[in-house]
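Below: one structure, written as structure tokens.
No lab work stands behind these numbers, since they all come straight from the coordinates. Nothing here was measured: the structure is a model prediction, and the numbers come from that model. Neighbour counts run over all protein chains shown; Cβ positions are idealised from the backbone, glycine included.
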């Protein structure tokens, strides 16, 4: 896990906790208060606290020392394999038990079935308040927004479940078992691809809607679900810059900085077959290229997390700092075009999409070239209509 001050935290199997900061490694063990050396999860809360889950105990940092939280007061003894936080600041802790810690209150939730089958492996919280819990035997869900107080087992899924990411309103779930590997989020994504109205890979040329042809302003953003690969931590930022520069060179659109003034929203994602990534990377503190009315290209600074697309500038997303996670996705670069000036533009199907290897790479930026061609072809077809 990478904390907000760019410190790397590493959990080990039997070697305790390792911190890498300012070029220096430091190991924490029993002499520092960490009484179990099998560290399964490290998490930073919205308040900045560092929490550590081990095979025998829940811990948190207090200065340069580590203090044990479980097996004292209202928090029972437990093994911890998953930690996350909900929108109210409640800390969800899962392993041999499932707990929610908030202020001085501890609530324990019981999942249906035998206790040995309900060891928690992962927890995810959606923006709408749904809690997803992956265990060694299946997937459970509680809808807090509907005043839910109990978890319900998803009967369609069995086997060990690890929730690895979110696709806007749906948790992407990878279920590992001896029989198969199944991805709920992938199935949803596949359906969206198959039903998209304007997929650039279709052999039959698509006519873009009049709205796209009339568009004058465009906002370019990185896909909110994309992390920066550890091996190339500026991959998506570079792709975004390449697309902005290619659009400016085209000269058809004016770049803007928020969805409220954007006729179109262009979403980019660098291809990455899978592996460790950093979400909310410090690399996202990027210069933004924009074009004033005079036509000159200027550079302005954007710092912190990417702006929310649902209500930019009014209710920005909480800055949880950099987070180390694993990501699976297409190995091809992706460029998608959505209608702007609407709430949650990414909730609708894209108006146009292009996927290809290195499609977002300079100097050609093939994805923008293909979009240029699609616009030209659509204008020709519109002109030919009686």
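In terms of surrounding Cβ atoms within a 10 Å radius of their Cβ, 102, 81 rank from fewest to most as 102, 81. Using 0.36 nm per residue and subtracting the Cα-Cα separation, the extra length available between residue 261 and residue 77 on full extension is 61.0 nm.
A Förster distance of 22 Å, applied to the separation of the beta-carbon atoms of residue 341 and residue 369, puts the FRET efficiency at 0.30. Annotation: the residues 153, 214, 97, 4, sorted from fewest to most other C-beta atoms within 10 Å of their own C-beta, follow the order 214, 4, 153, 97.
Modelled spin labels at residue 349 and residue 361, positioned 7 Å past Cα toward Cβ, are 3.1 nm from each other.
Between residue 379 and residue 107, the simple spin-label model (points 7 angstrom out along Cα→Cβ) gives 5.7 nm. Distance between the pseudo-spin-label points of residue 158 and residue 234 (7 Å out from Cα toward the beta carbon): 5.1 nm. For region 11-40, the residues whose amide N sits under 18 Å from a probe point set 7 Å from the Cα of residue 64 along the beta carbon direction are 17-34. Going from the fewest other Cβ atoms within 10 Å to the most, the residues 7, 84, 149 appear in the order 149, 7, 84. Compared with the alpha-carbon gap, the fully stretched path from residue 5 to residue 213 is longer by 70.4 nm at 0.36 nm per residue.
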